[in-house]
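Notes to accompany the following structure.
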């Protein structure tokens, strides 16, 4: 059985393999489509990419930015910041813990 492939391994491989780089850019495009829908609907000032996939770093962030810019036509997107979360792979866990501490309404 093949070993698990990590995002970090893919980023390292993307430096020498254009097919791996293309796969990461494609993932960023799909995430960018979703982010563009959120930007169109909610008009956030920031889009924070978290979790394991966000560890792809600038390859992913750039693709998401481009999709937002290309797909949101209702208003300028130059002020929408797309950033990688500083929480890394722990983002989901920490978010769930923060929500668990909130009162149920």
Number of the condition not met by residue 44 [criteria: (1) part of a helix (DSSP H, G or I); (2) under 28 Å from residue 95 (Cα atoms)]: (1)
Residue 62 being modelled with pLDDT under 90 and either surrounded by 18 or more Cβ atoms within 10 Å (Cβ to Cβ) or closer than 21 Å to residue 89 by Cα (or both): no
Residue in segment 33-43 that is buried (at least 16 other Cβ atoms within 10 Å of the Cβ) and modelled with pLDDT under 95 present: no
Qualifying position, being touching a helix residue (DSSP H, G or I) at 6+ places or on another chain (Cβ under 6 Å), without any contact (Cβ under 8 Å) to a residue 12 or more places away in the chain and assigned to a helix (DSSP H, G or I), among 39, 11, 20, 64: 20
Which numbered condition residue 12 fails, given (1) exposed (fewer than 13 other Cβ atoms within 10 Å of the Cβ); (2) within 24 Å of residue 69 (Cα to Cα): (2)
Residue match in segment 75-95 (condition: over 28 Å from residue 6 (Cβ atoms) and assigned to a helix (DSSP H, G or I)): no
Residue 51 in a loop (DSSP other than H, G, I, E, B) and in contact with a helix residue (DSSP H, G or I) (Cβ under 6 Å, 6 or more places away or on another chain): yes
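The values are calculated or read from the model by the stated rules, or taken from the named source; none is laboratory data. All values reported here derive from a predicted model rather than from experimental measurement. Quick reminder, even Gly has a Cβ in these numbers, built from the backbone with ideal geometry, and neighbours come from all protein chains shown.
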